[in-house]
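A.B. asks: This is the structure, below, for whatever I ask next.
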Amino acid sequence: MNAEAAFIAEIREGTERLRRADTVSHGFTKLWEHSRLAMSVEALAILQWYASLFDSEAISRARRRLLDYGFVVDAFLTAQSARPPSWWQDEAGP
């Protein structure tokens with residue numbers, strides 16, 4: 001399995017976890033303890049360039065979970081939108 005396929009598989013696993021879990025994972029808790037929620041699957045789920053990998057329920061849960069843990073979602077999204085990945089093309093593009 002190449003690196004891209006492994007990454008996609010990991011994201012899909014995270015999607016399933018977001019759908020099923022009523023509580024946060026140990027990893028999410030550790031990231032929260034170290035003020036690193038921007039590295040969580042939940043943070044990836046709310047980024048527009050990964051939106052196609054998650055369903056709307058998973059995205060809503062991710063956003064709610066981040067907000068519940070004090071993550072400043074709007075500031076994160078603003079900062080990330082200023083530097084999207086080079087491979088991503090905004091549908092509204094130039």
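Laboratory data are not the source of any read-out in this text; all were calculated from the coordinates shown. From a predicted model like this one, the values you see are computed outputs, not experimental measurements. Positions of Cβ are backbone-derived with ideal geometry, glycine not excepted, and every protein chain shown enters the neighbour counts.
A.B. asks: If R0 is 25 Å, what FRET efficiency do you get for SER56 and ALA3 from their C-beta distance, rounded to 0.05? Please list the in-between numbers first.
C.D. replies: Values: r = 28 Å, r/R0 = 1.11.
FRET efficiency, SER56 to ALA3: 0.35.
A.B. asks: Where in the chain lies the longest segment free of chymotrypsin sites (Phe, Trp or Tyr not before Pro) that are both loop residues by DSSP (not H, G, I, E, B) and have at most 13 other Cβ atoms within 10 Å?
C.D. replies: 1-86
A.B. asks: Using helices alone, I'd like the mean residue ellipticity at 222 nm for the chain: each DSSP H run of four-plus residues gives -39500 (n - 2.57), total over residue count, nearest 500.
C.D. replies: Rounded to the nearest 500, the figure is -17000 deg cm²/dmol.
A.B. asks: Here's a follow-up. To make sure I understand, if each residue's beta carbon is the centre and we count other beta carbons within 10 Å, what order do ASP55, ASP22 fall in, fewest to most?
C.D. replies: Ordered from fewest to most neighbouring Cβ atoms within 10 Å, ASP55, ASP22 come out as ASP22, ASP55.
A.B. asks: So how strong a dipole does region 3-81 carry about its Cα centre when Lys and Arg Cβ are +1 and Asp and Glu Cβ are -1, to the nearest 20 debye?
C.D. replies: So the dipole magnitude of region 3-81 works out to roughly 120 debye.
A.B. asks: Which of (1) -0.54, -0.95; (2) -0.38, -1.05; (3) -0.53, -1.09 is the computed log10 I(q)/I(0) by the Debye sum over Cα atoms at q = 0.12, 0.20 Å⁻¹ for the structure on display?
C.D. replies: So the calculated entry is the one marked (2).
A.B. asks: What list of ³J(HN,Hα) values in whole Hz, one per residue of region 30-41 in order, does the Karplus curve 6.51 cos²θ - 1.76 cosθ + 1.60 (θ = phi - 60°) give from phi, with Gly and Pro shown as x?
C.D. replies: Each residue of region 30-41 in turn: 4, 4, 4, 4, 9, 6, 10, 4, 5, 9, 7, 4 Hz.
A.B. asks: List SER40, SER35 from most exposed to least, where exposure is judged by having the fewest other Cβ atoms within 10 Å.
C.D. replies: So the ranking, lowest neighbour count to highest, is SER35, SER40.
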